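A.B. asks: Structure in structure tokens, see below.
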Amino acid sequence: MSKKAKKRANAAAAAAKPASPVKVAAPKNGPPAAKKAKVAAPAPAAAKKSAAPVKEESDDEEMDEGDDLEDESDSEFAEQFEALAEIDQQLDVLDAEHSDKMLALQTAILQKKAPFFAKRNAIAKEIPFFWPTVLSNHDLGEMIAEEDTPLLTTLKDMVVKFDPKTATKYTIEFHFGKNDILKGNKITVSVEAKSESEDEIKVTGLDFVHGKNFITPAGAKDSKKRAASEYSGFFTYFASPKEEGSFEFFGELCHDVYPNAVTQYFAGRDDSDEENSDDEDQSGEEVDSDDE
């Protein structure tokens with residue numbers, strides 16, 4: 001082969017040979033393969049989503065198993081539960097009997113106390129402004145309005161009478177001295193607790209001299225409903241005995257004011273003594289701190 005022909009053959013062979021791949025420098029943060037892994041990341045999320053229903057099925061199965069266990073437990077201890085319910089019923093009967101006996105005992109005690117309260121009241125009548133002072137010193141005294149004062153200052157006696165058969169029924173009598181406000185000199189409040197949620201209160205004797213009604217404004221109709229909306233004072237519940245809070249109001253007069261009139265609300269209660277006692281305690285603490 002001539003040199004010229006040989007040269008042509010080498011050139012053709014070089015043209016037919018595939019080109020060598022171009023080498024690319026690997027990035028500093030890692031090989032290109034890492035990028036492929038990053039693109040493929042959503043695949044696991046899809047797998048996780050598809051697995052969710054399987055978990056829900058397992059939860060339902062667990063709930064069903066729990067219900068089955070409860071049913072088995074109920075049936076297994078049915079006798080015990082029935083026995084416990086029986087004991088509770090027996091205890092309820094005892095509580096009812098105890099309540100009745102306590103009421104009977106309270107009724108008997110109140111009847112025995114009645115003569116002593118009568119003697120106390122007779123002496124209290126000789127003391128000027130005894131009952132107005134007692135009422136003023138009680139928390140209910142905060143209800144006393146300016147309009148109440150002319151009538152309350154004439155209050156001579158307050159008497160509580162319990163029904164001899166049950167302490168759930170009682171009357172409170174308010175005896176007033178001579179005045180130009182009431183037509184009569186006595187107001188009577190009858191209270192009966194028929195049940196835990198039902199009570200009955202009746203007021204008689206709250207009859208005013210013409211033009212002296214300080215509960216219902218002059219010129220207005222003598223309506224108890226209107227009186228409650230226009231007036232707010234000590235006699236609010238006398239005028240509207242069905243208003244909410246009336247049972248508690250008269251209950252305080254009966255069970256607290258009346259039995260504790262002397263010891264708590266006439267001579268025995270002095271807020272200034274308590275304040276002085278507190279001042280002495282505080283001054284004592286200061287002296288101790290100075291000594292230190």
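The values are calculated or read from the model by the stated rules, or taken from the named source; none is laboratory data. As the structure is a computational prediction, the values presented were derived from the model and not from experiment. Every residue, glycine among them, receives a Cβ derived from its backbone with ideal geometry; neighbour counts consider all protein chains shown. Areas reflect the complete protein model, heavy atoms only, side chains present, ligands, DNA and RNA absent. Shrake-Rupley method; radii C 1.70, N 1.55, O 1.52, S 1.80 Å.
A.B. asks: Filter segment 100-131 down to residues that are outside any helix (DSSP H, G or I) and β-branched (Val, Ile, Thr), then give me how many there are. Let's see the steps before the verdict.
C.D. replies: The first filter runs over segment 100-131 and keeps only residues outside any helix (DSSP H, G or I), leaving 125-129.
Add one more test, that the residue is β-branched (Val, Ile, Thr), and what stays is 127.
Of the residues in segment 100-131, 1 are outside any helix (DSSP H, G or I) and β-branched (Val, Ile, Thr).
A.B. asks: State the number of residues belonging to segment 197-214 that are surrounded by 11 or more Cβ atoms within 10 Å (Cβ to Cβ), without any contact (Cβ under 8 Å) to a residue 40 or more places away in the chain and of a type outside the set (S, T, N, Q).
C.D. replies: First pass over segment 197-214, keeping only residues surrounded by 11 or more Cβ atoms within 10 Å (Cβ to Cβ): 199-209, 212-214.
Narrowing further to those that are without any contact (Cβ under 8 Å) to a residue 40 or more places away in the chain: 200, 202-209, 212-213.
Right, trim to of a type outside the set (S, T, N, Q) and you get 200, 202-203, 205-209, 212.
Qualifying residue count, segment 197-214: 9.
A.B. asks: Is it true that Val134 is touching a helix residue (DSSP H, G or I) at 6+ places or on another chain (Cβ under 9 Å), surrounded by 11 or more Cβ atoms within 10 Å (Cβ to Cβ) and in a strand (DSSP E or B)?
C.D. replies: Values: touching a helix residue (DSSP H, G or I) at 6+ places or on another chain (Cβ under 9 Å): yes; surrounded by 11 or more Cβ atoms within 10 Å (Cβ to Cβ): yes; in a strand (DSSP E or B): no.
For Val134, the condition - touching a helix residue (DSSP H, G or I) at 6+ places or on another chain (Cβ under 9 Å), surrounded by 11 or more Cβ atoms within 10 Å (Cβ to Cβ) and in a strand (DSSP E or B) - is not met.
A.B. asks: Working only within segment 137-156, note down all residues that are assigned to a helix (DSSP H, G or I) and in contact with a helix residue (DSSP H, G or I) (Cβ under 9 Å, 6 or more places away or on another chain).
C.D. replies: Taking segment 137-156 and keeping what is assigned to a helix (DSSP H, G or I), we get 137, 139-143, 146-152.
Of everything in segment 137-156, those that are assigned to a helix (DSSP H, G or I) and in contact with a helix residue (DSSP H, G or I) (Cβ under 9 Å, 6 or more places away or on another chain) turn out to be Asn137, Asp139, Leu140, Gly141, Met143, Thr149, Leu152.
A.B. asks: Taking the stated definitions as given, is Ser232 among the hydroxyl-bearing types (Ser, Thr, Tyr), open to solvent by 30 Å² or more (accessible area, probe 1.4 Å) and at pLDDT 55 or above? Show your work before the answer.
C.D. replies: Working: among the hydroxyl-bearing types (Ser, Thr, Tyr): yes; open to solvent by 30 Å² or more (accessible area, probe 1.4 Å): yes; at pLDDT 55 or above: yes.
Yes; evaluated as a whole, the condition is true for this residue.
A.B. asks: How many residues does segment 164-209 contain that are in contact with a helix residue (DSSP H, G or I) (Cβ under 8 Å, 6 or more places away or on another chain) and farther than 28 Å from Glu147 by Cβ? Explain how you work it out, then say what you get.
C.D. replies: In the first step, residues of segment 164-209 are kept if they are in contact with a helix residue (DSSP H, G or I) (Cβ under 8 Å, 6 or more places away or on another chain); the result is 164-168, 170, 172, 176, 179, 181-182, 187, 189, 191, 193, 199, 201, 203, 206.
Pick out the ones that are also farther than 28 Å from Glu147 by Cβ and you get 164-168, 193.
Qualifying residue count, segment 164-209: 6.
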